[in-house]
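Working notes, structure below.
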Amino acid sequence: MEFREVEAKWQKYWDEHPELYRASIKKSKEKKYILNEFPYPSGSGLHIGHAFSLVGSDIYARFKRMQGYQVMFPMGWDAFGLPTENYAIKNKRKPQEVTAENTAVFKKQMKKLAFSIDWEREIDTTDPNYYRWTQWIFIKLFEKGLAYKKEMPINWCPSCKIGLANEEVVNGRCERCGHEAERRNISQWIVKITDYAERLLSGLEETDFENKVKLAQINWIGKSEGSRIKFKIEGRDEKVEIFTTRADTLPGASFLTVAPEHSLALEAAKKDQEVANYIKKAKNKSDLERTELNKEKTGVFSGFWAINPYNQQKIPVWVSDFVLVSYGTGAIMSVPAHDQRDHDFAVKFGLPIIPVIKKKGWNFDKEAYVSEERGKEIKIGKKCNQYHLRDWIFSRQHYWGEPIPMINCPKCGWVTVPEEELPLKLPEVEAYEPTVDGQSPLSKIESFVNCRCPKCGGPAKRETDTMPNWAGSDWYYLAYCLFEDINKPLSGKKNIFVKNQKILSEWMPVDVYIGGDEHNTLHLLYSRFIYQFLHDLGVMPADIREPYDKRVSHGVILGPDGFRMSKSRGNVVTPESVADKYGVDVLRLYLMFMGPFESVMAWNEKTLIGVKRFLDRFIIFVEKQKSNRESSETSLRLLNKSIKGVTQDLENFNFNTVVAKLMEAINKIDKLSREDLRKLIKLIAPLAPYTAEELWHKLGEKESIHGSGWPEYDQKMNDNEMVKIPVAVNGKVRDQLEVSKEESQIESKIVSRALELDKIKTWVKGKEIVKEIYVPGKMLNLVVR
RNA sequence: GCCGCUGUGGUGAAAUCGGUAUACACGCAAGACUUAAAAUCUUGUGCUCUCAACAAGCGUGUGGGUUCAAGUCCCGCCAGCGGCACCA
């Protein structure tokens with residue numbers, strides 16, 4: 001039968017039987033919540049990367065389902081975002097309509113690729129019933145003091161006249177027009193994720209993330225332990241506080257350096273034009289300039305003098321942009337003898353270099369001596385930790401995002417939109433372009449902006465910024481659990497999280513979270529933070545402290561030329577084109593056979609042929625074998641071995657070797673009974689669901705194979721098998737011994753039989769056997785002299 | 001510069017705990033079927049020496065080390081990929 005007909009037939013059947021893939025908690029069965037990062041539904045449809053990671057996830061979900069677990073494998077759409085907005089602007093269309101079209105295409109393609117998704121749980125971050133709760137979370141953040149408004153520099157494209165998200169700035173340039181991006185101060189909503197830095201670190205211990213993911217998060221949070229030390233400033237009451245990890249080098253602090261934004265620098269600028277000019281210049285520096293000017297240090301003397309608290313010496317205070325406002329206190333003590341940046345600075349401006357840790361023969365004038373070694377402890381200042389993690393800029397001056405549910409009242413200040421008024425719907429607008437001054441298009445809609453203050457009833461204005469992309473994906477793993485209350489909205493004040501504690505504690509945490517390395521820091525950290533925050537609010541089950549248990553990162557598929565697939569390179573391979581040409585099962589098998597699930601691989605259609613041949617042979621094999629009454633003994637053993645290997649490899653996401661083991665089975669097995677044939681088909685079912693279903697029914701089955709059980713490995717079957725024991729002399733294998741399993745356990749027997757082997761005799765002849773090392777069932781090594 | 005990952009045949013890659021390196025597949029070569037081609041099937045395929053077989057030697061980026069035994073563990077170096085980058 002042609003693959004097209006087979007696919008159409010079973011896709012229809014599966015659509016008519018949603019119970020097959022429906023996730024439901026039954027007391028008797030253990031649950032598995034298998035989550036793949038939900039896609040952004042772009043206009044170009046599912047790309048090969050989506051297909052790759054989803055095939056792997058689907059195989060695992062199908063495998064676990066057949067093993068008898070209650071599997072939840074849901075899907076949804078992370079549909080807010082710039083590409084849709086840009087497309088809408090360009091084509092004068094509504095983002096809502098574009099999104100609906102795109103998600104329809106994605107869903108259709110996913111169904112074709114046979115993903116065993118529970119479609120009843122489908123969610124969409126742009127659905128007001130969904131983002132009502134995204135907004136509710138923001139309100140709670142605000143109420144708990146974790147969201148605040150602040151002037152922050154953002155990236156600004158002077159050509160497009162819009163604010164750019166960090167993702168939109170590529171090498172310091174605007175992603176759309178290539179113009180150099182500038183910095184501009186705009187008042188923004190900030191979320192205090194830094195309050196959770198320590199929790200985000202310690203929580204990692206409760207997860208089963210692989211080490212590289214944990215390390216990525218640890219590095220991103222970037223904790224350093226040190227102390228804060230206050231320096232008196234001559235002629236001023238206010239002290240300058242610095243942060244250092246090396247308080248022991250305080251005696252060598254020959255000057256202080258403060259950031260251009262530091263209050264002391266601003267103070268100095270009032271009196272000194274040169275300082276004022278420097279600050280102005282530094283402020284206007286774009287990211288591009290900052291990285292380019294990386295090499296040469298710049299700075300200016302502030303005119304202020306500080307007192308080193310260790311020895312009461314007068315040291316100058318300098319202003320330099322290599323000191324960052326956003327880290328520590330925005331001021332440092334400079335120890336040129338033991339820090340290379342301070343050294344560069346000191347050399348350029350002729351400042352003293354005072355060694356604290358002595359090193360024989362070290363030329364301190366030439367280079368700083370930077371070592372792990374510490375000087376004697378100095379107990380000045382107080383111990384504290386610093387983190388690289390920054391607070392999270394939560395505002396976007398764009399249209400296609402969740403409106404931030406805040407109202408600014410001239411009397412009451414910032415007031416939240418009352419919970420019962422949620423969702424605060426995104427109004428339909430005529431134009432989606434950002435305004436000339438960089439504000440969100442919402443700011444032009446007076447009916448949206450002007451409102452009454454919920455507190456005092458006076459006239460007030462709404463926030464017009466929208467939320468970043470990450471907001472909707474911070475809690476979607478909860479939304480899948482609560483889909484009934486999200487897709488059929490609750491009225492009034494009822495809270496989905498509080499109401500559904502039981503459901504949450506049944507499904508959470510996510511058992512396996514499959515996603516890309518590019519999300520190992522931001523998305524994973526943001527969503528862990530939001531979960532922890534909700535946990536602190538008391539709306540999450542008390543004993544579930546982390547949202548994800550295990551994290552599996554999938555690899556990347558490059559184009560046939562070895563480069564990342566892109567339209568401009570013209571090396572794009574779409575899953576659809578491959579499925580049309582060879583069939584879905586061939587595509588699925590090939591994607592998995594390419595290499596390890598985590599690695600980076602180039603597309604190679606030639607290798608795909610091998611997989612196609614295998615699947616054809618598999619079908620022919622079943623046809624030929626199906627009338628057998630019984631299996632041959634060797635075939636039965638081989639099948640049993642395959643069951644063991646395939647089961648183990650599926651468990652560990654080693655899908656490439658699963659395919660290899662199935663190929664091996666087909667190559668070696670010669671005779672199977674109809675009953676045993678069923679087991680073999682089950683082994684391939686998670687990988688090639690269409691073919692397996694078709695063959696299964698050809699054997700006379702009436703129910704779907706995907707609802708059937710997983711074959712069991714028979715431990716005893718291989719017991720009386722013969723085993724081959726390699727015999728080595730001085731570590732080099734010279735011959736092998738074939739013995740029964742029983743015999744292989746007795747060392748003395750193995751040694752004496754090995755010494756009877758002709759080849760071994762010649763190697764041992766005339767020499768003394770110093771040592772015999774026998775690893776039962778594995779190998780024998782004779783050490784001779 | 002810092003952090004992480006990777007290095008195995010002509011190619012994609014296998015090798016649970018340190019225990020027969022190169023499974024599985026592509027490609028290539030020879031053969032079968034065919035008027036022919038495609039498809040399919042069979043056999044062979046790390047390197048060196050050899051007409052060939054046997055045997056032997058060498059082989060997992062590189063130099064050392066530990067061990068009866070190292071692709072696997074430890075130390076140094078080289079190359080490639082990804083991320084971060086004046087973080088005090």
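Would you please list the contacts, defined by Cβ atoms under 8 Å and residues six or more apart or on different chains, that run from a residue in the stretch A:294-322 that is without any contact (Cβ under 8 Å) to a residue 12 or more places away in the chain to a residue that is more than 16 Å from RNA strand B (Cβ to nearest atom) and open to solvent by 20 Å² or more (accessible area, probe 1.4 Å)?
A:Q313/A:I307
Identify, by number, the condition in (1) out of contact with any Leu (no Cβ under 9 Å at 6 or more places or on another chain); (2) modelled with pLDDT under 95; (3) more than 14 Å from RNA strand B (Cβ to nearest atom) that A:K230 doesn't meet.
(2)
Out of curiosity, is A:P434 over 20 Å from A:I186 (Cα atoms) and assigned to a loop (DSSP other than H, G, I, E, B)?
So A:P434 does not fit the description; no.
Out of curiosity, is A:L324 of a type in the set (A, V, I, L, M), closer than 24 Å to A:S224 by Cα and modelled with pLDDT under 95?
yes
Give the residues of the stretch A:415-427 that are modelled with pLDDT under 95 and either assigned to a helix (DSSP H, G or I) or in contact with a Lys or Arg (Cβ under 7 Å, 6 or more places away or on another chain) (or both), sorted by residue number.
Residues satisfying the conditions are A:E419, A:E420, A:E421, A:L422, A:P423.
Can you say whether A:E747 is closer than 30 Å to A:K112 by Cα and of a type in the set (D, E), as far as the supplied structure shows?
no
Across the stretch A:1-25, which residue is nearest to A:I117 (Cα to Cα) among those that are open to solvent by less than 90 Å² (accessible area, probe 1.4 Å) and touching an Asp or Glu at 6+ places or on another chain (Cβ under 6 Å)?
Residue satisfying both the conditions and the ranking: A:Y21.
Can you name every residue in the stretch A:589-633 that is open to solvent by 30 Å² or more (accessible area, probe 1.4 Å), assigned to a helix (DSSP H, G or I), among the hydrophobic types (A, V, I, L, M, F, W, C) and under 30 Å from A:R564 (Cβ atoms)?
A:F593, A:I609
Which of the residues that make up the stretch A:143-161 are modelled with pLDDT of 95 or more and buried (at least 20 other Cβ atoms within 10 Å of the Cβ)?
A:L146, A:A147
Answer yes or no: is there a residue in the stretch A:494-508 that is of a type outside the set (D, E) and within 27 Å of A:P686 (Cα to Cα).
Yes, there is a match, as at least one residue in the stretch A:494-508 is of a type outside the set (D, E) and within 27 Å of A:P686 (Cα to Cα).
Can A:Y774 be described as open to solvent by less than 50 Å² (accessible area, probe 1.4 Å) and of a type in the set (F, W, Y)?
yes
Could you count how many residues in the stretch A:622-668 are hydroxyl-bearing (S, T, Y), in contact with a helix residue (DSSP H, G or I) (Cβ under 7 Å, 6 or more places away or on another chain) and over 19 Å from A:W710 (Cα atoms)?
1
Is there a residue being farther than 30 Å from A:R462 by Cβ and within 16 Å of RNA strand B (Cβ to nearest atom) anywhere in the stretch A:176-192?
No: the stretch A:176-192 contains no residue that is farther than 30 Å from A:R462 by Cβ and within 16 Å of RNA strand B (Cβ to nearest atom).
Would you be able to say whether some residue in the stretch A:300-320 is touching a Lys or Arg at 6+ places or on another chain (Cβ under 8 Å), of a type in the set (F, W, Y) and modelled with pLDDT of 95 or more?
Among the residues of the stretch A:300-320, at least one is touching a Lys or Arg at 6+ places or on another chain (Cβ under 8 Å), of a type in the set (F, W, Y) and modelled with pLDDT of 95 or more, which makes the answer yes.
Please name all residue pairs, on different chains or six or more residues apart, with Cβ atoms under 7 Å, provided the first residue is in the stretch A:531-553 and is in contact (Cβ under 8 Å) with a residue 24 or more places away in the chain and the second residue is of a type in the set (G, A, S).
A:Q532/A:G203; A:P541/A:S505; A:I544/A:S505; A:R545/A:G203; A:E546/A:G203; A:P547/A:S527; A:S553/A:G515; A:S553/A:G516
Which members of the stretch A:739-785 meet the condition of being near RNA strand B (Cβ under 9 Å from one of its atoms) and closer than 24 Å to A:M717 by Cα?
A:V775, A:G777, A:K778, A:M779
In the stretch A:674-785, which helices (runs of 4 or more DSSP H) lie fully inside it and hold 2 or more residues that are in contact with a helix residue (DSSP H, G or I) (Cβ under 7 Å, 6 or more places away or on another chain)?
A:674-684, A:689-698, A:747-754
Among the residues that make up the stretch A:707-718, is at least one of them more than 9 Å from RNA strand B (Cβ to nearest atom), modelled with pLDDT under 85, under 30 Å from A:R62 (Cα atoms) and open to solvent by less than 100 Å² (accessible area, probe 1.4 Å)?
Yes, there is a match, as at least one residue in the stretch A:707-718 is more than 9 Å from RNA strand B (Cβ to nearest atom), modelled with pLDDT under 85, under 30 Å from A:R62 (Cα atoms) and open to solvent by less than 100 Å² (accessible area, probe 1.4 Å).
Among the residues of the stretch A:438-460 satisfying the criterion of being among the polar types (S, T, N, Q) and surrounded by 12 or more Cβ atoms within 10 Å (Cβ to Cβ), which is modelled with the lowest pLDDT?
A:Q439
I need every pair where a residue in the stretch A:586-602 that is without any contact (Cβ under 8 Å) to a residue 60 or more places away in the chain and farther than 15 Å from A:P575 by Cβ has its Cβ under 6 Å from the Cβ of a residue that is open to solvent by 50 Å² or more (accessible area, probe 1.4 Å) and more than 10 Å from RNA strand B (Cβ to nearest atom), sequence separation at least 6 or different chains.
Partner pairs satisfying both residue conditions: none exist.
So, A:T416, is that one of a type in the set (S, T, Y) and surrounded by fewer than 17 Cβ atoms within 10 Å (Cβ to Cβ) or not?
The answer is no for A:T416.
Among the residues of the stretch A:65-79, write down those that are in contact with an Asp or Glu (Cβ under 9 Å, 6 or more places away or on another chain) and open to solvent by less than 10 Å² (accessible area, probe 1.4 Å).
Scanning the stretch A:65-79 gives A:V71, A:M72, A:F73, A:P74, A:M75, A:G76, A:W77, A:A79.
The values are calculated or read from the model by the stated rules, or taken from the named source; none is laboratory data. Quick caveat, the model's predicted, so the values are computed rather than measured. Cβ sites come from the backbone with ideal geometry, for glycine too, and all protein chains shown count toward neighbours. Quick note on the areas: whole protein, heavy atoms, side chains included, nothing else; ligands and nucleic acids left out. Shrake-Rupley method; radii C 1.70, N 1.55, O 1.52, S 1.80 Å.
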